[in-house]
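Okay, structure first, notes after.
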Amino acid sequence: MQWEAPSKPLAVDDPLLLPEREVHAEIGINWFLGQDIPKGEYVRILAESLLWEERLGKTRIRTTEGLTTCMEPHRGWTIASSSWIFLPKRWLDREQELITVIQDENKRTEEKEQQGQQRSWSN
């Protein structure tokens, strides 16, 4: 018979709690979401959700409350903002093509849902 090796509790690797502190960085005025986070370890709690808007050519993209939306009437879509943050970095200089691909994938997903298939992360 072989005994299980001693294990380490997962909490050992948890980071220490970060204090909330006031940082002189106004989002959209002197600090933008695309920039590095101002120096120092801290947590900042905001009373309301932030709205972040960017333009890719003439296309407006808005991010708020964990969702990113393409504001073009004929190519509109909404996806998780975490996906949007990652995708443009993989489609450098092809953002308009990416917008069309996301729209096509959203339409395909909606059609499958209308046929009774459930949404899955592994399509």
#### Entry: Within region 84-101, considering residues that are within 17 Å of W52 (Cβ to Cβ) and of a type in the set (A, V, I, L, M, F, W, C), the one farthest from the chain's Cα centre (by Cα)
I99
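The rows are residues; the columns are (1) farther than 19 Å from G28 by Cα; (2) touching a Phe, Trp or Tyr at 6+ places or on another chain (Cβ under 7 Å); (3) among the polar types (S, T, N, Q); (4) not in a helix (DSSP H, G or I).
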position: I45; (1), (2), (3), (4): no, no, no, yes
position: W52; (1), (2), (3), (4): no, no, no, yes
position: R55; (1), (2), (3), (4): no, no, no, yes
position: H74; (1), (2), (3), (4): yes, no, no, yes
position: I79; (1), (2), (3), (4): yes, no, no, yes
position: I99; (1), (2), (3), (4): yes, no, no, no
position: I102; (1), (2), (3), (4): yes, yes, no, no
position: R108; (1), (2), (3), (4): yes, no, no, no
position: E111; (1), (2), (3), (4): yes, no, no, no
### Task
Test E105 against the criterion of being out of contact with any Ser or Thr (no Cβ under 6 Å at 6 or more places or on another chain) and either over 30 Å from P19 (Cα atoms) or at pLDDT below 85 (or both), and give yes or no.
yes
### Message
Let me spell it out: the conditions are (1) among the hydrophobic types (A, V, I, L, M, F, W, C); (2) surrounded by 13 or more Cβ atoms within 10 Å (Cβ to Cβ); (3) in a loop (DSSP other than H, G, I, E, B), and L92 meets all of them except one. Which number is the exception?
### Response
(2)
### Query
When the residues of region 69-86 are filtered to those that are among the β-branched types (V, I, T) and either touching a residue at least 24 places away in the same chain (Cβ under 8 Å) or touching a Cys at 6+ places or on another chain (Cβ under 9 Å) (or both), which remaining residue is surrounded by the fewest Cβ atoms within 10 Å (Cβ to Cβ)?
T78
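State whether the residues of region 48-60 include one that is among the basic types (K, R) and modelled with pLDDT under 85.
For region 48-60, residues among the basic types (K, R) and modelled with pLDDT under 85: absent.
The values are calculated or read from the model by the stated rules, or taken from the named source; none is laboratory data. Remember, it's a predicted structure, so these values are computed and weren't measured experimentally. Neighbour counts are summed over all protein chains in view; Cβ atoms, including those assigned to glycine, are modelled from backbone coordinates with ideal geometry.
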